[in-house]
1. What per residue convex hull volume, in Å³, do the alpha-carbon atoms of segment 1-139 yield?
2. Taking only protein heavy atoms and a 1.4 Å probe, what accessible area per residue, in Å², does the chain have with all protein chains in place?
3. Return the Rg/Rh value of segment 136-272, two decimal places, where both radii are evaluated on C-alpha atoms and Rh is the Kirkwood radius.
4. What does the charge count around Val131 come to, taking other residues whose C-beta lies under 14 Å from its C-beta (Lys +1, Arg +1, Asp -1, Glu -1)?
5. Straight distance only, please: which lysines reach the Cα of Lys165 with their own Cα at less than 22 Å, same-chain residues fewer than 8 apart left out?
6. Using only protein heavy atoms and a 1.4 Å probe, report how much of Lys165 is accessible, in Å² to the nearest 10.
7. Name the aspartates and glutamates eligible as straight-distance cross-link partners of Lys121: C-alpha to C-alpha under 16 Å, and not fewer than 8 places from it in the same chain.
8. Answer with a single label: of [x] 1.03; [y] 0.98; [z] 1.12, which was calculated as Rg/Rh (Cα atoms, Kirkwood Rh) from the structure in view?
Amino acid sequence: MKTWRVVITECEYEDFEEERRVLEPLGCEVVKLGSQDEAVLKAALADADAVLFQWAKMTRSVIESMSRCRVIAKYATGTDGVDLAAATERGICVTNVTDFCSEEVSDHACAMLLALSRGLKLHDGNIRRGVWSYQHARPLPDLRRGVLGVVGFGNISRLVMAKMKPFCGEIWVSSGASEEEIAAAGGVKKSFEEVTAGADYLSVHIPGTAENVYRFDRAAFGRMKRGACFVNVARGAVVCQEALIEALSTGKVAFAALDVFEAEPLPGDSPLLRMENVLLSPHAAWYSRWAQRTLQRRAAEQIRDVLEGRCPPCLVNRELAEKFRRADRR
């Protein structure tokens, strides 16, 4: 049986039994490197047949040092951290894992929305300081009689809409989807400008693609209702953090709940850490034990498919799908 060398550059998971269960029956040697250092990566991946990574940077330099690699698999829905052009030029498949944590992320967003709507972060902090008063959280926008704005209309957005519908007066959606699709999910299609200007609560669910970088800038926050609440469980790059901090400082945005940030971990000198009107979590919206195991297993399954000559279902650089079709025709 052929021996394939699969290198896990680094990951924060307690074990990689799921990966071994999928790959070792193929004759794969699964090795955990435990480094993000570029020089270490170049040396360790030179003879790798496949790579699994979480936070490491698969730069052009790293990719061009690989002599045998057929697939680079990322433990995530996104594909940031890998030079797609360089991988495609060398015929290396890049894969991600789609839809492994939609329930978890939507639950997290809903929990944040409800916590903001009741001022729980501020109340908890006040009681711990010996302040007993509901008035410090005023004024809270009325969720039942107000507008929940949702930016994006993927699986997570739809789940948030379904779960929040009993709590909301109206749900406005900014998306390229049709009015009919959005209406069927219980929302009203609006432009991005209309949603940002009219929402009492705004929940962000768009990918961190180049066109979405700083989608929420000073202009977007400037349009928002004074005292609106803002939730981001999508990607840190879609929000200009400086503009958000400014909006929170002036009261333009009354409360924010954030699971993702421009720089992660959040730097210790970030003003967000000192703001009582901000609820923070450490990019944890995706997590449950089940979701983590599913992520690990599906990432390994993408590698298995490539090594066995099948087009992986989560192939990112779709230009390479043709080589699998050609192989099938032979």
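The values are calculated or read from the model by the stated rules, or taken from the named source; none is laboratory data. Keep in mind that this is a model prediction, so the values were computed, not measured. In this analysis, Cβ positions are derived from the backbone assuming ideal geometry, glycine residues included, and neighbour counts consider all displayed protein chains. Protein only, heavy atoms only, side chains kept; ligands, DNA and RNA dropped before computing areas. Shrake-Rupley method; radii C 1.70, N 1.55, O 1.52, S 1.80 Å.
1. Taking the convex hull of the Cα positions in segment 1-139, it is 161 Å³ per residue.
2. Roughly 46 Å² per residue, with all protein chains present.
3. With Rg and the Kirkwood Rh in hand, the quotient comes to 0.95.
4. Net charge around Val131: +2.
5. Those lysines meeting the cut-off are Lys189, Lys190, Lys225.
6. 90 Å²
7. Filter leaves Asp259, Glu276.
8. Recomputing Rg/Rh (Cα atoms, Kirkwood Rh) here gives the entry labelled [x].
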